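Quick one: the structure is below, and I'll ask about it shortly.
The values are calculated or read from the model by the stated rules, or taken from the named source; none is laboratory data. What you are looking at is a predicted structure, and each value in this text was computed from that prediction instead of being measured. Cβ: placed from backbone, ideal geometry, glycine included. Neighbour counts: every protein chain shown.
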Amino acid sequence: MLGILSTVYQPIYSVYLNGELIGYSKNKSGLQKRINEYMDSGDGENIEFVDIEQLPQYKLCLLKRDAKANDDEIFNTIKEKGINYYTYYAIVENGEEKLYIANLEDAQNVLNQLKEKNSQNKDNISIEQKYETKLNNFVTSDEAVASLYKENKVKKSTKVASSVTARGSEKISTSTKISDAAPNLGISLIQPVSGKLTSRYGERSSIRSSAHTGLDIANSKGTPIKAAASGTVVFSGTKGSYGKMVIISHGNGVQTYYGHCSSLEVSVGQTVSQGQVIAKMGSTGNSTGSHLHLEIRVNGSSVNPQKYLY
Ligand SMILES: [Zn+2]
């Protein structure tokens, strides 16, 4: 009789979501890996990551041998609860979002073409990366140039007060590339936290698939993180490997990213002043200890924070 028990029963994981049983899995680590990968990149056009509020819980149990694992169904149940975050780029003129482009290369192409054509507004146009739960209508770079181009009637204008975007940033790179450029931001930044610099911009390491796009500053969990400059919160939530993150737009195509936070103190659309506490330091996402991942993006491309701070 005892022999029959072990042939009738098998160890298997019961999987719960919000306390509710959603299925059985024999491969806990494989299933969780699949969920993590999905959260990191989604599975559709322009999807940057997927926010899943509740992660499943696993309990090891014994079930009859004929009980079936249903990893696919579990995955689909979790997928349905996820919120897709799309990324794309806004072309901004004098602080106003004019139109939207699907990828950074095309957006940068618009800026370059307007400069080449010496469009009258070329110095007041910038790019901002958007993280939204809805897709927008996109235009091609040619359509964007046609709609934004303004003939430059004045030969040499002396009044280009807000021309901060172009100066010194001749080099064009995509968001994942590392650049040496240090364009004039047009604003002064303050250090969001003090601490030990544990990884510099451009560094490579085993826990990252590509070069480091920010600067890591370590301090204890819960250390208040201050806004480097005044601006508007454009993202406050969980973003895959960044963990809990805040993104602030400062105008003129300048954005700052604060990753791996333990808690978020601001919400999307909120105006923040320089030095205001926006989050607390932590180790969420792809992180091995409490630190702030600080990123500065100018027209969608990351720049070296140490050219401005620390
Ligand atoms: Zn980092």
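State which residue is farthest from the ligand (Cβ to nearest atom) when the search covers only segment 282-310 and only residues that are among the aliphatic types (A, V, I, L, M) and buried (at least 18 other Cβ atoms within 10 Å of the Cβ).
Once the filter is applied, the top-ranked residue is 298.
If you don't mind, there's one more thing I want to ask. Just to be sure, is residue 126 outside any helix (DSSP H, G or I), at pLDDT 90 or above and closer than 21 Å to residue 87 by Cα?
Yes, satisfied.
Name the residue, out of 190, 225, 217, that is over 19 Å from the mean Cα position of the chain (by Cα), at pLDDT 95 or above and either acidic (Asp, Glu) or within 22 Å of residue 263 (Cβ to Cβ) (or both).
190 is the lone residue from the list that is over 19 Å from the mean Cα position of the chain (by Cα), at pLDDT 95 or above and either acidic (Asp, Glu) or within 22 Å of residue 263 (Cβ to Cβ) (or both).
Follow-up. Report yes if residue 275 is out of contact with any Phe, Trp or Tyr (no Cβ under 9 Å at 6 or more places or on another chain), farther than 18 Å from residue 184 by Cβ and either in contact (Cβ under 8 Å) with a residue 60 or more places away in the chain or part of a strand (DSSP E or B) (or both), otherwise no.
yes
How many residues are at negative phi and either more than 16 Å from the ligand (Cβ to nearest atom) or surrounded by fewer than 23 Cβ atoms within 10 Å (Cβ to Cβ) (or both) when one looks only at segment 258-281?
Counting residues in segment 258-281 that are at negative phi and either more than 16 Å from the ligand (Cβ to nearest atom) or surrounded by fewer than 23 Cβ atoms within 10 Å (Cβ to Cβ) (or both) gives 16.
When both residues are 6+ apart or on different chains and their Cβ atoms are under 7 Å apart, which pairs have a first residue that lies in segment 284-302 and is outside any strand (DSSP E or B), and a second that is of a type in the set (Ser, Thr, Tyr) and more than 12 Å from the ligand (Cβ to nearest atom)?
284/262; 290/220; 299/126; 299/165; 300/89; 300/175
Restrict the check to segment 158-175 and report whether at least one residue is at pLDDT 90 or above, outside the structural domain of residue 93 (by TED's automatic domain parsing), touching a strand residue (DSSP E or B) at 6+ places or on another chain (Cβ under 7 Å) and within 16 Å of the ligand (Cβ to nearest atom).
No, segment 158-175 has no match at all.
Related question: Give segment 102-121 a look and list any residue that's hydrophobic (A, V, I, L, M, F, W, C) and surrounded by 20 or more Cβ atoms within 10 Å (Cβ to Cβ), or say none.
Of everything in segment 102-121, those that are hydrophobic (A, V, I, L, M, F, W, C) and surrounded by 20 or more Cβ atoms within 10 Å (Cβ to Cβ) turn out to be 104, 107, 110, 111, 114.
State which residue is surrounded by the most Cβ atoms within 10 Å (Cβ to Cβ) when the search covers only segment 126-156 and only residues that are of a type in the set (A, V, I, L, M, F, W, C) and free of Cβ contacts under 8 Å to residues at least 60 places away in the same chain.
My answer is 144.
Here's another thing I want to ask about it. Taking segment 210-256 only, how many residues are within 14 Å of the ligand (Cβ to nearest atom), among the small types (Gly, Ala, Ser) and within 12 Å of residue 278 (Cα to Cα)?
0
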